[in-house]
RNA sequence: GCUCCCAUCGUCUAGUGGCCUAGGACGUGGCCCUCUCAAGGCCAAAACACGGGUUCGACUCCCGUUGGGAGCGCCA
């Protein structure tokens, strides 16, 4: 083993969104690339907002994307004892202290400081008071060095850091005894021997504080790599409320997981001019050196393009399996695939951006009777067209061996007899059998539909024209 | 407000001082193909935020300006 250990540590307070998914993907890819371990840890210390449903959704999202983990999922809440132990040890070692300043007092002093034109960090009133455990309601604060710079080398952003005095004595344990996030992550990452922390750039400013905690604990800090945030169309940080960005919603819209991972990995990372990356290529080629520093907007059009690419390449059997739920969805009932459906699906692959789109394109083959789109019928099944349709019906009825070649011969014969262009013949047939003006090539489509159903629909169209 | 960060076509990006009259991809427009819709092929429009330096030479280095973002919680 390489000793490289990465982790993804989502808080289960909603669905897995694309920003988190990309962070997970990067961590996973980095671990795989270097033969390391990828650890999953659920950060559920915020009991108010964490839910089990959300945790399940996050795990399902990761599995769907093909992101597998080697250890976990661990729950941060289960490690409360360990966190408490570390805080006590820090106090005992003089690296942290109890603070009895109330929120109200603090707020007042803060306002006064700001009003005076100074900037606020904790003023250190309790710093050397040496409050004992029985001092009443209190928080625990980290004793920060009074001066000096806490610097580190970020694998993406390069030399980074902050002056210790800018940070101040941060709270590491709340008055209810629950440790804060910064303490918990550091303890967990240290205990789990995480070697590389790859996370969103919104944590760049938190890193010096966390480094101070590592130092206080006497633990060796990991290497950090902050990846730029995925921003919404407006350029702002993604918001779960404002932007529909859950991985689940892409799944429901009929996108393939390969397309989504390919899309996400190219947001902030590149490998020369290459655009298409299979999951295997991601794990073989991913490198933090090639991660950019600017925020990236996710482009839905590019996802659609990638999805079509992967749909085209998907083996037939796998495609049918994935498509089935969507077929049932558009047909409204559970369907037994009609003969010729696989043939039709092959025709549809080149013209579908998502599985839903493909299912919609196959809908006409799933239903018993087609309903004509109003405009389509008005244009191609208008009064007087019954003679042509009847002729076509009869010519098709005469075909013994129902294949593309024979269909083409038969239809062309009728076309020539009526002295019409192909468009004048194909479109009425298309509307008759699909109800719409759009479908794959007419001969292939008829071949896939089958003789019986084609004839029934042609006859129905004749009846429609004659009956008004 | 304070601290930190970022800045190449509409979007994702290549580019690490001369290879750049800045490359690729998505999207957009046009043409070809054509029974519709796609797919495919060809072509096109489209960017180094601005101003100073440094240098023989800057997209690339430095400074400033502008613009954008993040962090400053007894949230994670």
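For segment A:182-323, what size does the Cα cloud have along each of its three principal axes, sorted from largest down, in whole Å?
Cα spread of segment A:182-323 along its principal axes, largest to smallest: 57, 33, 30 Å.
With everything on Cα atoms, drop me the angle between helix A:103-115 and the longest principal axis of chain A, reported from 0 to 90° to the nearest 10.
The angle comes out at about 90 degrees.
At 7 Å along the Cα-to-beta-carbon direction for both residue A:71 and residue A:252, put a label point, then send me their distance in nm to one decimal.
Placing both labels 7 Å beyond Cα along the Cβ direction yields 3.6 nm.
Once R0 is set to 51 Å, what does the formula 1/(1 + (r/R0)^6) return for the Cβ-Cβ distance between residue A:401 and residue A:297, expressed as a FRET efficiency to the nearest 0.05?
Given R0 = 51 Å and the Cβ-Cβ separation, E is 0.40.
For the ranges A:17-28, A:105-116, A:283-294, A:216-227, what's the packing order if you count other beta-carbon atoms within 10 Å of each residue, average per peptide, and put the highest first?
Output ranking for A:17-28, A:105-116, A:283-294, A:216-227: A:17-28, A:216-227, A:283-294, A:105-116.
Taking every DSSP beta bridge with both residues inside chain A, roughly what % is antiparallel (nearest 5)? Walk me through the numbers before you get to the answer.
Details: 17 of 31 bridges.
If I count the DSSP bridges inside chain A, around 55 percent turn out antiparallel.
Taking only the alpha-carbon atoms of segment A:119-263, what semi-axes of the equivalent ellipsoid follow from 5 times the gyration tensor eigenvalues under a square root, in whole Å, largest first?
35, 19, 16
For chain A, find the longest principal axis of its Cα atoms and tell me its angle to the long axis of helix A:355-366, 0 to 90°, nearest 10.
30 degrees
Just to confirm the number: angle between the C-alpha axis of helix A:451-467 and the first principal axis of chain A, 0 to 90 degrees, nearest 10?
Orientation of helix A:451-467: about 70 degrees from the principal axis.
If neighbour count is taken as other Cβ atoms inside 10 Å, put A:40, A:264 in order from fewest to most.
So the residues, fewest neighbours to most, are A:40, A:264.
How many angstrom lie between the Cα centre of segment A:169-196 and the Cα centre of segment A:27-74?
Between the Cα centres of segment A:169-196 and segment A:27-74 lies a distance of 19 Å.
222 nm [θ] for chain A, helices only, -39500 (n - 2.57) per DSSP H run of 4+, per residue, to 500?
-14500 deg cm²/dmol
Sort A:252-262, A:314-324, A:415-425, A:77-87 for me by packing, meaning the mean count of neighbouring Cβ atoms within 10 Å per residue, highest on top.
Output ranking for A:252-262, A:314-324, A:415-425, A:77-87: A:252-262, A:77-87, A:314-324, A:415-425.
In nanometres, what is the gap between the two model label sites at residue A:107 and residue A:52, each 7 Å from Cα along Cα-to-Cβ?
So the label points at residue A:107 and residue A:52 sit 3.6 nm apart.
Quick check on chain A: take the gyration tensor over C-alpha atoms, sort the square-rooted eigenvalues as a ≥ b ≥ c, and tell me if it's rounded (a/c under 1.5), prolate or oblate. Don't skip to the answer; put the middle values down first.
Values: a/c = 3.48, a/b = 3.05, b/c = 1.14.
Prolate is the answer for chain A, as a/c is 1.5 or above and a/b outweighs b/c.
If I model a spin label at residue A:89 and residue A:417 as a point 7 Å from the Cα along the Cα→Cβ vector, what separation in nanometres do I get?
With each label point 7 Å from Cα toward Cβ, the separation is 9.2 nm.
Counting only the backbone N, which residues of segment A:360-377 are under 14 Å from the spot 7 Å out from the Cα of residue A:333 toward its beta-carbon?
Residues passing the 14 Å test: A:366-370.
Pull out the extension gain between residue A:123 and residue A:350, defined as 0.36 nm times the separation in residues minus the alpha carbon to alpha carbon distance; nm, one decimal.
The span from residue A:123 to residue A:350 would gain 75.1 nm if fully extended.
State whether segment A:139-197 is rounded, prolate or oblate according to the following rule on the C-alpha gyration tensor (a ≥ b ≥ c being the square roots of its eigenvalues): a/c under 1.5 gives rounded; otherwise a/b larger than b/c gives prolate, and the remaining case gives oblate.
Values: a/c = 2.94, a/b = 1.21, b/c = 2.44.
Verdict is oblate for segment A:139-197.
No lab work stands behind these numbers, since they all come straight from the coordinates. As the structure is a prediction and not an experimental result, all values here were calculated from the model. Cβ atoms come from the backbone with ideal geometry, glycine included; neighbour counts cover every protein chain shown.
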